[in-house]
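Below: one structure, written as structure tokens.
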Amino acid sequence: MPLITEAELKKQIKSRSFSPVYVLYGSEQMYVREYTKKLVEAVAGKQPGDFNFHTFSGEVNLDTLASSIGVVPFMSEYNCVVVTDIFMDMLSSADLDKLKEICKTKAEGTVLIISMPSYVPKRNAKAFEAIVKRAQKDGSVIKFEKPGDDKLEKHIAKWANTQGKFISRLNAAHLIKLCGNDLNRLKNEVDKICAYTSGEEIQTEAIDRLVTQTLEARIFSLSDQVLAGRGDEAFMTLNQLFNQKEEPVMMLYVLSNAFIDAYRVRAADESGVSLQTLAEDFEYGKRTFALERARKSTRNVSTEALRKCLDLLCEADEKMKSVSVNERLLLEQLIAQLLITAGEGKG
């Protein structure tokens, strides 16, 4: 069976037409967690008995796991076996083969559920894909990807509504821009905003005051401040990033990407290439908004100034990686140089 959709999984749960094995995983871990819970409750009930319900997590004893699959349901329709966040990176090649065989096992009345709500295999990522392919042959596999902005906005509106608040689509989009597209993080931010604001509608001011922005969003603000010549704001933002213990290497990396976005947009505009084509060629996907923002923030900065800014960023990157330096001082000097260069290149 190929990968199934969220709608197909809902249908199986509703009809109680279960596959012998399930694998639930993907980048949107809130969905993985929620649908694992729904599936387990459908198979085993909300208060499953010990004899017909077996749970494993992390470092799993595969022999015990195999034995639990062979248990015959007692006073229950199904024997439910749940494996959560199995430590794939700790398994030997022999263990991986054994796990594949376990996924092939078809025991009457048993439903095996492998769920990865918070652990993402790295060293054995390919081995996990092999487990996924093995499960697809006889069972159901669903991969939850990050939802698009439209769906995220609907989630945000729903969460706010359940707490007696209203949020406009414009402000929901603003929240996504500041916090990113992780559902767990967005849910926490909505809960925080609802708890600490009065009135029925969530205002932009409350979002800006209360939410914890992603590193990318804060660096975007920093690059905007530099390009606009707002030096005091730029150094204040940089100081906040250091106070929040952000890694200097990551700060430089994200800042460099912001200027690369700006230069790509400028080169595309001067060559008559559309923003859509640029986004497709460089696989921006859902980050196309970054190109639109870069175009707006650099409209008064010359192309030559953007080139010089990229040179400064490359020099800073080389220094940070090749010699022992005071990273904070290096970034402060870089911001000062970028401010001067962008200011001299005002058109």
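The values are calculated or read from the model by the stated rules, or taken from the named source; none is laboratory data. Here the structure is a predicted model, which means the values were calculated and not measured. Positions of Cβ are backbone-derived with ideal geometry, glycine not excepted, and every protein chain shown enters the neighbour counts.
Numerical summary
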read-out: Residue that is farthest from SER19 (Cα to Cα) [pool: residues in segment 96-112 that are crowded, with 20+ Cβ neighbours inside 10 Å and β-branched (Val, Ile, Thr)]; value: ILE102
read-out: Residue ranges of helices (runs of 4 or more DSSP H) in segment 1-103 with at least 3 members under 19 Å from VAL141 (Cβ atoms); value: 6-15, 29-44
read-out: Pick from segment 16-59, criterion among the basic types (Lys, Arg) and under 24 Å from PHE87 (Cα atoms), ranking: surrounded by the most Cβ atoms within 10 Å (Cβ to Cβ); value: ARG33
read-out: Criterion: among the small types (Gly, Ala, Ser), within 26 Å of PHE18 (Cα to Cα) and over 17 Å from the mean Cα position of the chain (by Cα) - qualifying residue of SER93, SER118, SER168, SER140; value: SER140
read-out: Contacts under 7 angstrom Cβ, first residue in segment 232-252 being assigned to a loop (DSSP other than H, G, I, E, B), partner surrounded by 14 or more Cβ atoms within 10 Å (Cβ to Cβ), 6 or more apart; value: GLU246/LEU215
read-out: Breaking point among (1) under 22 Å from LYS177 (Cβ atoms); (2) loosely packed, with under 15 Cβ neighbours inside 10 Å, for TYR253; value: (2)
read-out: Considering residues of segment 100-111 that are closer than 23 Å to LYS37 by Cβ and in contact with a Leu (Cβ under 9 Å, 6 or more places away or on another chain) only, the residue modelled with the highest pLDDT; value: VAL111
read-out: Count of residues meeting criterion [hydroxyl-bearing (Ser, Thr, Tyr) and modelled with pLDDT under 90] in segment 290-330; value: 4
read-out: Enumeration of residues in segment 120-160 that are modelled with pLDDT of 80 or more and among the basic types (Lys, Arg); value: LYS133, ARG134, LYS137, LYS143, LYS151, LYS154, LYS158
read-out: Residue that is touching a residue at least 24 places away in the same chain (Cβ under 8 Å), among the small types (Gly, Ala, Ser) and under 30 Å from TYR196 (Cβ atoms), where the choices are SER297, SER223; value: SER223
read-out: Any hit, segment 224-237, residues being surrounded by 16 or more Cβ atoms within 10 Å (Cβ to Cβ), of a type in the set (Phe, Trp, Tyr), out of contact with any strand residue (DSSP E or B) (no Cβ under 8 Å at 6 or more places or on another chain) and at pLDDT 90 or above; value: yes
